[in-house]
């Protein structure tokens with residue numbers, strides 16, 4: 001056992017092989033031990049990393065051994081748990097890793113000063129991933145400081161005895177029965193009972209074995225029609241993978257990558273996505289069509305910034321059998337597996353090296369018997385990516401809607417910015433975003449044509465449907481068509497507020513695109529003071545009936561009732577009605593033609609566009 005200032009780290013994976021229990025056993029034991037200590041009111045916020053706890057809670061709730069409540073907003077769930085504690089029922093708040101944990105701080109502070117029995121149970125990535133740039137990984141142990149009476153950081157491999165001791169100590173501290181009360185109870189004048197924090201790390205797989213098996217079977221059927229490339233007949237080469245915090249301002253590196261024929265696998269918010277070698281739907285291609293090629297023919301990987309979106313890319317940058325190099329300053333790059341062969345802080349030096357080291361295999365390759373086979377490493381990736389993107393967008397759905405939104409926004413004559421929500425939204429745009437405009441892109445209607453007649457005839461007297469304080473869209477000295485997203489910890493918290501702030505700062509029209517769960521998560525940001533300036537902001541809600549990102553993970557193969565309640569979490573509420581109630585101009589579309597028509601309107605004032613997708 002290792003002591004820390006705020007608690008203890010138990011079951012450190014560097015000291016013990018994970019052979020004592022599976023994730024499901026570990027999570028189930030933890031929940032059952034807390035129930036035995038009297039914690040029978042549980043407030044659960046869905047996520048992937050806390051999924052083992054979710055499965056355990058759902059099972060025990062079905063047998064009436066605890067009361068389970070599912071909420072999508074961790075801050076709301078924390079205060080609901082606080083309310084239960086205030087009513088005399090010691091409560092547990094469960095959430096996934098990342099910013100989700102920080103949302104509990106206000107409720108924890110209240111519980112600390114009020115002496116209420118609130119237990120925060122946060123899921124986490126393994127400790128070894130902290131400080132590596134891994135997605136949704138931060139320093140959760142100690143996050144609540146002296147506001148908690150006890151804190152423990154437990155890791156996979158914890159023994160049953162250690163788990164029992166940790167839970168007993170946490171329960172005693174929460175109820176004010178600890179033999180050694182936290183120093184803060186005296187130093188900060190806190191009551192003796194109070195909140196505690198258990199941070200529990202989980203490693204993959206995060207679903208029960210039967211769910212994982214069902215998902216694998218379903219994936220095999222889905223990919224059965226794929227025709228993979230033969231690695232023995234394919235060229236070999238290098239990849240440049242660009243993620244958040246990547247810098248594409250060095251012209252010499254961009255030129256060297258172009259001349260060397262290096263495919264660029266870039267996330268949509270990065271400037272690298274506009275590179276001439278950028279590949280669409282690269283993650284889909286790397287995970288299916290080009291899987292064998294990526295496994296056997298990849299000679300070198302150059303990573304710029306922090307790619308965090310997809311598992312195929314995570315696997316590529318975690319390989320130890322090929323050189324994986326990073327370009328960028330420390331803190332802006334990833335090192336998920338301790339496998340980085342070289343760190344390039346000087347992009348110009350890397351550019352010179354690429355120019356010198358360019359190999360013929362990165363240019364043309366012998367033509368295959370198939371007349372349509374690609375003739376180069378770059379072309380092979382491009383063709384596979386375009387085929388994947390075409391398949392994804394052939395029917396009306398999230399991908400085809402995203403394609404239209406990207407094209408109409410990024411290639412419109414009027415400068416318009418784009419803010420992409422986390423979770424499924426940015427991954428969909430990652431698949432379909434083009435690096436050049438399709439031909440043709442129609443000009444949007446003139447703003448004066450779309451204004452009400454009274455406003456055209458007397459501009460000094462704007463129509464009431466146009467907010468009087470709306471920012472003048474012509475006031476813009478910044479570069480046009482930027483893409484924003486919150487990828488530091490990739491949370492869905494405050495997405496509307498973030499886009500609002502960016503639009504105020506940029507002083508040009510902004511479109512925010514995200515899912516319905518993210519919309520309901522940040523409803524409060526729709527409101528504003530009557531005397532406040534408002535941006536030209538269009539909120540586009542892709543309403544696909546809940547958290548569909550989980551359908552693409554193993555949890556999508558869970559029993560329907562479990563998946564719906566613990567992961568999909570469809571919400572009650574009228575998106576357009578809620579927007580209208582606080583002064584926004586809403587519109588609902590349910591077809592590609594309707595979407596194209598709606599996007600032809602200029603972004604003025606506060607408007608909301610709800611895109612209703614057919615049931616999955």
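The values are calculated or read from the model by the stated rules, or taken from the named source; none is laboratory data. A quick note: this is a predicted structure, and the numbers were derived from the prediction, not measured. Methodologically, a virtual Cβ is constructed for each residue, glycine included, from the backbone with ideal geometry; neighbour enumeration extends over all protein chains shown.
Observations on the model:
- Residues in the stretch 407-428 that are part of a helix (DSSP H, G or I), closer than 18 Å to residue 509 by Cβ and touching a helix residue (DSSP H, G or I) at 6+ places or on another chain (Cβ under 6 Å): 408 alone.
- Tally of residues being closer than 22 Å to residue 400 by Cβ and touching a residue at least 24 places away in the same chain (Cβ under 8 Å) across the stretch 591-606: 8
- For residue 439, the test of being in contact with a strand residue (DSSP E or B) (Cβ under 7 Å, 6 or more places away or on another chain) and at pLDDT below 95 is failed.
- For the stretch 554-571, filtered to residues that are over 19 Å from the mean Cα position of the chain (by Cα) and in a loop (DSSP other than H, G, I, E, B), the residue that is nearest to residue 544 (Cα to Cα) is 571.
- Among the conditions (1) touching a strand residue (DSSP E or B) at 6+ places or on another chain (Cβ under 9 Å); (2) over 30 Å from residue 428 (Cα atoms); (3) part of a helix (DSSP H, G or I); (4) at pLDDT 90 or above, residue 352 misses just one, which is (1).
Rundown of residues vs (1) assigned to a loop (DSSP other than H, G, I, E, B); (2) modelled with pLDDT of 95 or more; (3) out of contact with any strand residue (DSSP E or B) (no Cβ under 9 Å at 6 or more places or on another chain), yes/no style:
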| position | (1), (2), (3) |
| --- | --- |
| 137 | yes, no, no |
| 140 | yes, yes, no |
| 156 | yes, no, no |
| 162 | no, yes, no |
| 165 | no, yes, no |
| 178 | yes, no, yes |
| 181 | yes, no, yes |
| 185 | no, no, yes |
| 190 | yes, no, yes |
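- Selection status of residue 137, buried (at least 21 other Cβ atoms within 10 Å of the Cβ), assigned by TED's automatic domain parsing to the domain that holds residue 49, within 22 Å of the chain's Cα centre (by Cα) and in contact (Cβ under 8 Å) with a residue 24 or more places away in the chain: yes
- Among the residues of the stretch 116-127, some residue qualifies, meaning at least one is assigned to a helix (DSSP H, G or I) and assigned by TED's automatic domain parsing to the domain that holds residue 49.
- Residue 325 meets all of the listed conditions (1) over 16 Å from residue 377 (Cα atoms); (2) within 23 Å of the chain's Cα centre (by Cα); (3) at pLDDT 95 or above; (4) outside any helix (DSSP H, G or I) but one, namely (2).
- Of 112, 100, all but one fail to be under 29 Å from residue 488 (Cβ atoms), modelled with pLDDT of 95 or more, within 27 Å of the chain's Cα centre (by Cα) and part of a helix (DSSP H, G or I); the exception is 100.
- So residue 458, is it closer than 25 Å to residue 527 by Cα, surrounded by fewer than 12 Cβ atoms within 10 Å (Cβ to Cβ) and modelled with pLDDT under 50: no
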